[in-house]
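These notes are about the structure you will find just below.
The values are calculated or read from the model by the stated rules, or taken from the named source; none is laboratory data. Here the structure is a predicted model, which means the values were calculated and not measured. Glycine also receives a Cβ, built like all others from the backbone with ideal geometry; neighbour counts cover every protein chain displayed.
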Amino acid sequence: MSVDTAPAWSFRHHWMAHAATHAMTRPDKPALRHLGKTTTWAQLSRRSLQLAAALADRGVAAGDRVALLTLNHPWFVESLFAANSLGAMAVPLSFRLAPRELDYILTDCTPTAIVVDARLLPLLRAVPNTASIGTVIVIDDPDEDAARTAGAEGETSYEQFLSAHEPMELPDISEESTALIMYTSGTTGRPKGVMLSHRNMQIQAITCIRAMDIFDDSDVGFLTAPFFHIAGLGSIVANFLVGSTVVIHPLGAFDPGAVLDAYEREGATIVFNVPQQWELICAQPDIRKRDLKLRVISWGAAPASDATLRAMDECFPRALNVAVFGQTETSPITCVLRGTDALRKLGSVGRPIPPLQYRVVDAAMNDVPVGEVGEIVYRGPTVTQGYWNKPEETAAAFHGGWFHSGDLVKQDPEGFVWVVDRAKDMIISGGENIYCAELENVIAEHPSVREVAVIGRSDERWGQVPVAVVTPAPGGELSLPRLTAFLAGKLASFKMPKDLRLVPELPRNAGGKVVKGQLRKDDVRAQENP
């Protein structure tokens, strides 16, 4: 007598299984919204499995890599789910990179196929290594009247490629398999491909559910972060699990008025922005007249000033303020700062969250006392499997059996964590440790400072000295003597900046972080060519 059994995927805990489940239980509920158009859960699941069948027909198999060079739209999610449905790894690529930088990544990960937006084809074609990619799937510009009917050799239209296949049955994909290779932004040295498993991302989803009080599928998430940055998928992975709707906002120059319009129009309830974006949103003159349904206002990826946090509290007094802190290698959230703690513990990144284990250690891996500075190290189910093709870097990152974050922190008696600096950014001057983040926080209090980054400069006498690189506030007047006078009594004399450089903007990577390596190079050039 035969016994019918449930399909193996129905026992799995990953976003493909969640999408298939939602397609059965809430088929007509919007999964994704983009530029006013809806993709239901039934459509998302079916189209993803159609694309998976098409990729399999081209030879894509478990363990292969499928690169994604796209803007933010539903086709990215379909392509991600399709690649993962075959056990292949999705590799999101930043379209903000130069051809030479993309060439390094494509040479490193050797994708079997790539999904690319039509408008990004010139960038892809400028990359020498693309000739080795067997299948190039082109997402046609929706503004064009007709779909692509022909292209360069190896290129095929996304819609034609997908529609020529029936959806495949979702196979049994292990949660331990690698879902993503996310390349770090490479602020120093070459970017590294961070391998994240399905389990990593599903524990991240549970972290978001806990941090943001997500109880059911009634919330509407809103995405402004790019998918090629971990903040993108990391901020909406909980929506995939619970079956709520995600609004994908188009990328481009950040327009706070347009974002607020979209919040109102779409009924957004959970939103994430970097502090600079929140500053612009809160500065909108009609902010308090808006009919907003925001329940959770979240931020991360960069420090927020006291002024920005207070402005958020004043503009959205009924919303839960949630700060998230982490890095690509931890899927990404490791610490959360919620609600009233955002003001009570100004400057803190919050407390580490279970089930993540952590320690604050010295160079010999000894735990440091509360209140003293050490590196925070992690282990647990959200920590990366390692770096793609980089066994030595992986071994170094996991020295002593813990993942070394590179963040120098101190912890208070309540367990709240303050980031003092990145280990690689610390300045050693005359044998004294100078933490750039400490200087930046104090300098940022000057009314003529809009943004500041502190870097180290080589010095024959002291080894290194701090240099302040400042973007002045509108109408602000600043000089090194004026800044030094302002800092007197706030910083020890050995921490005082020895030079001040004024720049119109600080260089940032695709994730919005200041590229201090570029500032150091610029400073060296300025010294060589005064």
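Here are the numbers:
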{"quantity": "Residue pairs meeting the criteria (Cβ under 8 Å; at least 6 apart or on separate chains; first among the small types (G, A, S), in the stretch 250-275; second part of a helix (DSSP H, G or I))", "calculated": "A268/A262"}
{"quantity": "Members of the stretch 184-217 that are hydroxyl-bearing (S, T, Y) and either free of Cβ contacts under 8 Å to residues at least 40 places away in the same chain or part of a helix (DSSP H, G or I) (or both)", "calculated": "T207"}
{"quantity": "D172 being more than 15 Å from the chain's Cα centre (by Cα), part of a loop (DSSP other than H, G, I, E, B) and within 20 Å of T39 (Cα to Cα)", "calculated": "no"}
{"quantity": "Test: residue in the stretch 69-78 that is acidic (D, E), in contact (Cβ under 8 Å) with a residue 24 or more places away in the chain and surrounded by 19 or more Cβ atoms within 10 Å (Cβ to Cβ)", "calculated": "yes"}
{"quantity": "Selected residue [surrounded by 14 or more Cβ atoms within 10 Å (Cβ to Cβ) and in a loop (DSSP other than H, G, I, E, B)] from L506, L500", "calculated": "L506"}
{"quantity": "Only one of S458, S405 that is among the small types (G, A, S) and not assigned by TED's automatic domain parsing to the domain that holds E329", "calculated": "S458"}
{"quantity": "Every residue from the stretch 361-380 that is of a type in the set (A, V, I, L, M), crowded, with 17+ Cβ neighbours inside 10 Å and under 11 Å from W402 (Cα atoms)", "calculated": "V361, I376, V377"}
{"quantity": "From P111, P27, residue being buried (at least 23 other Cβ atoms within 10 Å of the Cβ), assigned by TED's automatic domain parsing to the domain that holds S163 and not in a helix (DSSP H, G or I)", "calculated": "P111"}
{"quantity": "So L439, is it farther than 26 Å from V368 by Cα, in contact with a strand residue (DSSP E or B) (Cβ under 7 Å, 6 or more places away or on another chain) and in a helix (DSSP H, G or I)", "calculated": "no"}
{"quantity": "Any hit, the stretch 499-522, residues being under 30 Å from G371 (Cα atoms), without any contact (Cβ under 8 Å) to a residue 24 or more places away in the chain and among the aliphatic types (A, V, I, L, M)", "calculated": "no"}
{"quantity": "Criterion (within 20 Å of T224 (Cα to Cα) and in contact with a strand residue (DSSP E or B) (Cβ under 9 Å, 6 or more places away or on another chain)) met by exactly one of R65, R58, R33", "calculated": "R33"}
{"quantity": "Failed criterion for P226 (all others in (1) at pLDDT 95 or above; (2) over 19 Å from T308 (Cβ atoms) hold)", "calculated": "(1)"}
{"quantity": "Residue satisfying condition, being within 24 Å of T207 (Cα to Cα) and exposed (fewer than 15 other Cβ atoms within 10 Å of the Cβ), within set L343, L337", "calculated": "L343"}
{"quantity": "Residue within the stretch 168-188 that is of a type in the set (D, E, K, R) and not assigned by TED's automatic domain parsing to the domain that holds H13 present", "calculated": "no"}
{"quantity": "When residues of the stretch 445-475 are limited to those that are assigned to a loop (DSSP other than H, G, I, E, B) and touching a strand residue (DSSP E or B) at 6+ places or on another chain (Cβ under 7 Å), the one nearest to Q276 (Cα to Cα)", "calculated": "A473"}
{"quantity": "Wholly enclosed helices (runs of 4 or more DSSP H) of the stretch 236-322 bearing at least 2 residues surrounded by fewer than 21 Cβ atoms within 10 Å (Cβ to Cβ) and touching a Cys at 6+ places or on another chain (Cβ under 7 Å)", "calculated": "306-315"}
{"quantity": "Whichever residue in the stretch 68-115 is at pLDDT below 95 and of a type in the set (G, A, S) and, among such residues, is farthest from A231 (Cα to Cα)", "calculated": "A98"}
{"quantity": "Condition met for R119 (among the basic types (K, R), at pLDDT below 90, surrounded by fewer than 21 Cβ atoms within 10 Å (Cβ to Cβ) and not in a loop (DSSP other than H, G, I, E, B))", "calculated": "no"}
{"quantity": "Any hit, the stretch 69-82, residues being assigned by TED's automatic domain parsing to the domain that holds Y158, in a strand (DSSP E or B) and within 25 Å of the chain's Cα centre (by Cα)", "calculated": "yes"}
{"quantity": "Failed item, numbered, when E329 is tested on (1) part of a loop (DSSP other than H, G, I, E, B); (2) within 20 Å of the chain's Cα centre (by Cα); (3) acidic (D, E)", "calculated": "(1)"}
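One line per residue, one yes/no per condition, for (1) closer than 24 Å to V524 by Cα; (2) over 27 Å from the mean Cα position of the chain (by Cα):
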| residue | (1), (2) |
| --- | --- |
| P413 | no, yes |
| R422 | yes, no |
| Y435 | yes, no |
| R457 | yes, yes |
